[in-house]
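Just below is one structure, and these are the notes that go with it.
The values are calculated or read from the model by the stated rules, or taken from the named source; none is laboratory data. Please read these numbers as outputs of a predicted model, since none were measured by experiment. When we count neighbours, we look across all protein chains shown, and the Cβ atoms used for this are built from the backbone with ideal geometry, even at glycine.
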Amino acid sequence: MVQSILTVGMMMKNRLWQICHEESGEVNIVTIVVLIGIAVLLALVFKNQVTALINSLFQTITTNATNAVNNP
C-alpha cells in the first residue's frame, strides 16, 4: 500500500516537472506577438513613405497600362 502511494507520488512529481519545463509553445507565441508588434510599429513610423511608394507604383502601372492599350 505504501509502495503504491510512493509510486503514484513519484509519477505525479515527474509529470509536474514535465509541465513546468515544457515551455516551447509559450515562447513561440510570445515571439510571434513581438514580431507582429514590431511590424505594426514600423508601418506606423514609415506610413508616409509606404503610402508614397504605393501611390507611385499604381501611377506607373496605370500609365504603362494606358500606353499599352493605346499603342498596340
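General observations
- Segment 13-33: number of residues that are aliphatic (A, V, I, L, M) and modelled with pLDDT of 75 or more: 4
- Pairs are defined by a Cβ separation below 7 Å, a sequence spacing of at least 6 or placement on different chains, a first member in segment 56-68 that is touching a residue at least 12 places away in the same chain (Cβ under 8 Å) and at negative phi, and a second member that is surrounded by 10 or more Cβ atoms within 10 Å (Cβ to Cβ) and not in a helix (DSSP H, G or I); no pair meets this definition.
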